[in-house]
1. If I filter segment 106-120 down to residues being part of a loop (DSSP other than H, G, I, E, B) and over 15 Å from the mean Cα position of the chain (by Cα), which single residue comes out as nearest to R85 (Cα to Cα)?
2. Which residues, counting only those in segment 121-168, are aliphatic (A, V, I, L, M) and under 17 Å from the mean Cα position of the chain (by Cα)?
3. Out of all the residues in segment 1-31, which are at pLDDT below 85 and of a type in the set (A, V, I, L, M, F, W, C)?
4. Could you figure out which of (1) within 29 Å of N178 (Cα to Cα); (2) at pLDDT 80 or above; (3) among the small types (G, A, S) isn't true of S44?
5. Just to verify a result, which residue in segment 76-87, among those that are more than 9 Å from the chain's Cα centre (by Cα) and surrounded by 19 or more Cβ atoms within 10 Å (Cβ to Cβ), is nearest to L26 (Cα to Cα)?
6. Given the criterion part of a helix (DSSP H, G or I), more than 20 Å from G193 (Cβ to Cβ) and at pLDDT below 90, identify the matching residue among L103, L125, L67, L96.
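The values are calculated or read from the model by the stated rules, or taken from the named source; none is laboratory data. Computed from a predicted model, the values in this text were never measured in an experiment. Here the Cβ is made from the backbone with ideal geometry for all residues, glycine too, and neighbour counts use every protein chain on show.
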Amino acid sequence: MASTRQLKGRIRSVKSTKQITKAMQLVAASKMRRAQDSASATDSYAQTAAELLTRLSRDGETKTHSLYAERTVKNRIVIVITSNRGLAGAYNSNVLKQYINRLKEDDSVKVTTSAIAIGKKGAQLATRLKNDHVIGVYNELMEHPTGPALKAVVNTIVEQFATKKVDAVEVIYTKYINSLSQVVTTLPLLPAGFTEVEPSEHMTQAIFEPSASEVLEAATIRLIEAQLFQSILDSVASEHSMRMMAMKNATDNATDLIDDLTLAMNKLRQADITQELAEISGGVEAMKV
């Protein structure tokens, strides 16, 4: 059985750990709120893009565009979005589990799969797999999801699809629902697709310059960028949310452990005091004889 001194040392150690997990919980909560704001800020952009593409599709423009062409899938690119760090509960393992399932499904039907890894954890797994070809790693996108790196990913998949080197592109990411709910999702990027909505009056009356086909080309690229960007924003919000919950659970567990150790120490201290009193009483009685 541990001594009082050992129990005091363990309590100090757990308290120190609790301070760290509490600080990490607060930092994750702050980052999660910022990520939530970023994820929701793109809603109006996505709505406008859907209205524009709905209008163009009704005019028949999407039927002949190369990025909307559906082909028998023989080669596929999977974009895997994970974090650069751990301590986020099951965040990374859930994404990687779905990615591995996709590899198994493709292997069973003789589909060649290549990977683009966004985040270190996904890159570490993808580079270890024997039959998986990694064509790009973009760790900085999880820290700064804007700029040239995002365009580099989009340009790569568009070029690969347009030249028929691959027949489908999809992204596996964690969709942010709320701070308590996040769902691993597979989103098809190419062939391009969108949810049809009823265009606003302004959109139905719009005149496309220089031509509808050129507007469609630019709008389709922007749509793919927006879908990938939203996937990254959702993933960042999900990561911080799951890290916040993981650190909260760790803090709560540390509190419970401190209580248990304190109780054990108090019981041991009480037993020592009782033993000492018994020895004193025994000594007094012996002196009376």
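1. Of the residues in segment 106-120, the ones part of a loop (DSSP other than H, G, I, E, B) are 109-111, 119.
Checking the rest, the ones that are also over 15 Å from the mean Cα position of the chain (by Cα) come to 109-111.
Numbers: V109: 34, K110: 33, V111: 31 Å.
My answer is V111.
2. Those that are aliphatic (A, V, I, L, M) and under 17 Å from the mean Cα position of the chain (by Cα): A123, L125, A126, V137, L141, M142, L150.
3. M1, A2, L7
4. Here S44 meets the rest and fails (2).
5. V80
6. That would be L125, the only listed residue that is part of a helix (DSSP H, G or I), more than 20 Å from G193 (Cβ to Cβ) and at pLDDT below 90.
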